[in-house]
Amino acid sequence: MTTRPSRLLKRVLKGAFVFLGLAAAIALLRLSGLHDALDTAWVDANIRDHGFSGLALYLGVGCLLTAVGMPRQVVGFLGGYAFGAALGTVWGTLATVMGCVVTFYYARLAGQSFVARRFSRRVAKINAFLGRDPFTMSFIIRCLPVGNNMLTNLLAGVSAIPALPFFAGSAAGYVPQTFIFALLGSGVRVSPELRTTASAVLFVVSSLLGYLLYRRYRVDDTLEEPEDGDGNGAGGAGNGSATPADTKGE
């Protein structure tokens, strides 16, 4: 049986791969000189320096992407590239929260029977976990550089927890990781070595803090991934053991 420390290491490594992949992309662009071609890229053509219309498009696309499972770190990275580290953090967090709201209310209003049937055991777990203190527990889950953002939103949507504390806690918890990746994204154009190094250090610190929260609150018991489904939905899954949550979608 896989131990909790090894499962945590696997999750953190997956999160680190997202960071390292984006950092490597920046390095390749700088070394190849292709960063100058970004002036004609989609973000520059439609979002960067396009005022309110560009911001609205970024928020809409970011909302849609995170709602359907795009890693929120990528949205933060693009926000940092388009708006800079500070505003990229603000708008990236807002876009991710909007995606959270969409997925949450999809599950609560339209997809409740499907989600509850397929993930019945997990719904009970997250209901108990978040029910201790919806704001604080939501904040803790979002601070971790692991877990499945979209799945957490779906499960919360069919749980009994109130929406507003969940959204508020999620928004606060999204900020650290969004800032790290917005800082990384802003390094495409400005001080790439300094900003990439700073974001790498912050990512390590964030992961260490996440590890302490993980151990303190046993988050793996809540966010572990089912093998073939959960509850009554998929054949045999109700009696099977669960595997860790996949970082993709976070």
Report summary line: Screening R132, R122 for residues that are free of Cβ contacts under 8 Å to residues at least 40 places away in the same chain and of a type in the set (K, R) leaves only R132
Query raised in the report: Which members of region 107-142 meet the condition of being modelled with pLDDT of 90 or more and within 14 Å of L155 (Cβ to Cβ)?
Result: P134, S138
Report task. Working carefully through the options G79, G88, G92, G69, find the one that is outside any helix (DSSP H, G or I), touching a residue at least 60 places away in the same chain (Cβ under 8 Å) and closer than 30 Å to D44 by Cβ. Result -> G69
Query raised in the report: Restricting the search to region 166-182, which residues are open to solvent by 20 Å² or more (accessible area, probe 1.4 Å) and either among the polar types (S, T, N, Q) or touching a Ser or Thr at 6+ places or on another chain (Cβ under 7 Å) (or both)?
Result: A171, V175, P176, F179
Query raised in the report: Of the residues that sit in region 70-101 and are in contact with a Gly (Cβ under 7 Å, 6 or more places away or on another chain) and open to solvent by 20 Å² or more (accessible area, probe 1.4 Å), which one is farthest from G187 (Cα to Cα)?
Result: P71
Query - Wholly enclosed helices (runs of 4 or more DSSP H) of region 101-167 bearing at least 3 residues touching an Asp or Glu at 6+ places or on another chain (Cβ under 7 Å) - result: 120-131
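The values are calculated or read from the model by the stated rules, or taken from the named source; none is laboratory data. Since this is a predicted model, take the numbers as computed values, not measurements. Cβ sites come from the backbone with ideal geometry, for glycine too, and all protein chains shown count toward neighbours. Areas reflect the complete protein model, heavy atoms only, side chains present, ligands, DNA and RNA absent. Shrake-Rupley method; radii C 1.70, N 1.55, O 1.52, S 1.80 Å.
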